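Inspection log for the structure reproduced underneath, given as structure tokens.
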Amino acid sequence: MVPATHFESLILPEAQRSAFLEEIRAQVRPEYYQRIQAMTDAIPQLLRLLEHEDMSLTRLRQVVFGARTEKTDTVCPPTQPTSSPPPKSKPKGHGRNGARVYIGAVRVPVAHRSLKPGDLCPGCKKGKLHRQPKPAVAIRITAQPPISAVIHEMETLRCNLCGKTYTASTPPEAGLEKYDPKVGVLLSLLRYGSGMPFYRLERLQRSLGVPLAASTQWELVEAVAQVAQPVFDHLIFLAAQSPNLYNDDTTMQVGELRRQIKAEVEPKRTGIFTTGIVASAQDHAIALFFTGRRHAGENLDEVLRHRQVELAPPLQMCDGLARNEPKEFTTIVGNCLVHARRAFVEVTPHFPEECRRALESLREVYRLEARTKAERLSPEQRLQFHQTHSGPVMDQLHTWLKGQIGEKKVEPNSGLGQAIGYMLGHWEPLTLFLRKSGAPLDNNVTNAASGISHVMPPPILCRVAA
């Protein structure tokens, strides 16, 4: 085994790494230099991934090379080939997006040059023309810098005798400040809504002739955050009243927090996390993100402090880690079926038949869940439907799982044994949807940001640093 010190020597501080790359740049061909530079970036990231206790080789492979689809028919191909339906012909249209999708476009009414409503028809010379409710459209898409600038040049006149100067008044459209308030808002959306780094936007703006330093971007975004803080606080209050709460953790790298941890003699906690908490208010989604050294359960405690005392405990959806559950407030905890299912997906190559049994049972439950959505069942109707149809499926699966362990058909410490053990150990929260009205099946809304907009109408996103 290679000693750990060998790997530690591969991670260089930023200053040493820059000096190393500059020295290498002059000695190798450009394409070789790019590969070496990429490796110096990738090695520390891979080592950080390996530090996770729950990082299996399969999961690491998915992180590095991308996760393939986890559909049951792909993970466990059918034993007998099935006839696929003929491909549907693509209907003719006007591109990927029709005119009605461009809700942010400026719409310019264009009147007919020679005719107007009420005129005699030029064709038949008898009927009168009437305006149609749906006009013809022509879409024109143009490009501009994310942040543009207008320079107003006020004329200045000077007397050639007395030297007195007269300058034209600044027009109202020039504003009172250099940066329009909308600039900070757009920068916030680019950075925290679309993941555009400040330094990358700085390069783009410079290349387009409208320079905007990264430090200036930060100042503008910070000003927007201070103004929006009361809105954020109210979103936290609204989320606390929600009957359903979803939460999950993911690791995060924050340079300032990492330096604080390294400066501590014996840090009690060395991890940095971003907690996502998703709730609903008046049929809208609220997504709260807390980044810091606290776990998901601790951040959920902070949200639930704002919950009205007369309300019943909310339903909470998370995975089976104890750190996801609050310690100071009571919730009715349900665990994520997708999280339990993924454990079987990861070991399918080694236990194909056993995993097929579990995956097909869970697939049937999700097909039934799709029916409840298609038929728009109420929470009470959905509960009765699942109890009638999904209950027997889950009961049979539970009996089969217990038999695998009880009859010693599976080694408990194997990958399959651990997947079965996790599901049996969390069976009650995994099947909460069979006992509680409105209980979800999984935690997908926090595992994928794109899932928020598919669960509830337009999402309200709030990111709060903690």
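The values are calculated or read from the model by the stated rules, or taken from the named source; none is laboratory data. Treat the numbers as computed from the prediction; the structure is a model and nothing was measured. Backbone-built Cβ (ideal geometry, glycine too); neighbour counts: all protein chains shown.
The set of residues in the range 238-271 that are over 19 Å from CYS318 (Cβ atoms) and hydrophobic (A, V, I, L, M, F, W, C) comprises LEU238, VAL254, LEU257, ILE261, ALA263, VAL265.
Across the range 405-454, the qualifying residues are those that are of a type in the set (Asp, Glu) and closer than 14 Å to GLY320 by Cα, and the one among them that is modelled with the highest pLDDT is GLU428. Would you check if SER148 is small (Gly, Ala, Ser) and in the same structural domain as GLU222 (by TED's automatic domain parsing)? When the stated conditions are applied, SER148 does not pass them. Annotation: PRO412 fulfils all but one of (1) within 27 Å of ALA279 (Cβ to Cβ); (2) touching a Gly at 6+ places or on another chain (Cβ under 7 Å); the unmet one is (1). A residue that is charged (D, E, K, R), within 20 Å of ALA240 (Cβ to Cβ) and under 26 Å from the mean Cα position of the chain (by Cα) cannot be found anywhere in the range 313-321. For the structure I just gave you, tell me whether GLU369 is within 29 Å of the chain's Cα centre (by Cα) and part of a helix (DSSP H, G or I). Taking the combined requirement at face value, the residue satisfies it.
Put simply, of LEU120, LEU60 the only residue that is modelled with pLDDT of 90 or more and not assigned by TED's automatic domain parsing to the domain that holds GLY415 is LEU120. Entry remark, the range 318-335: residues being aliphatic (A, V, I, L, M) and at pLDDT 95 or above number 2 in total. How many of the residues in the range 178-200 are farther than 29 Å from HIS152 by Cβ, out of contact with any strand residue (DSSP E or B) (no Cβ under 8 Å at 6 or more places or on another chain) and not basic (Lys, Arg)? Qualifying residue count, the range 178-200: 4. Looking only at residues of the range 266-301 that are among the charged types (D, E, K, R) and free of Cβ contacts under 8 Å to residues at least 24 places away in the same chain, we find that the one that is surrounded by the fewest Cβ atoms within 10 Å (Cβ to Cβ) is GLU266. Considering the conditions (1) within 30 Å of LEU416 (Cβ to Cβ); (2) assigned by TED's automatic domain parsing to the domain that holds ILE261; (3) in contact with a helix residue (DSSP H, G or I) (Cβ under 7 Å, 6 or more places away or on another chain), GLN316 is excluded by exactly one of them, (3). Is it true that VAL224 is touching a Gly at 6+ places or on another chain (Cβ under 7 Å) and surrounded by 14 or more Cβ atoms within 10 Å (Cβ to Cβ)? Considered against the rule, which asks whether it is touching a Gly at 6+ places or on another chain (Cβ under 7 Å) and surrounded by 14 or more Cβ atoms within 10 Å (Cβ to Cβ), VAL224 comes out as yes. Selection of helices (runs of 4 or more DSSP H) fully inside the range 246-354 by the criterion of at least 1 residues being within 30 Å of TRP400 (Cα to Cα) and either basic (Lys, Arg) or touching a strand residue (DSSP E or B) at 6+ places or on another chain (Cβ under 8 Å) (or both) returns 337-347. Out of all the residues in the range 404-439, which are basic (Lys, Arg) and either closer than 23 Å to GLU346 by Cα or crowded, with 16+ Cβ neighbours inside 10 Å (or both)? Of everything in the range 404-439, those that are basic (Lys, Arg) and either closer than 23 Å to GLU346 by Cα or crowded, with 16+ Cβ neighbours inside 10 Å (or both) turn out to be LYS408, LYS409.
Selection of the range 234-283 for residues being among the hydrophobic types (A, V, I, L, M, F, W, C) and farther than 30 Å from SER437 by Cβ yields MET252, VAL254, LEU257, ILE261, ALA263, VAL265, ILE272, PHE273.
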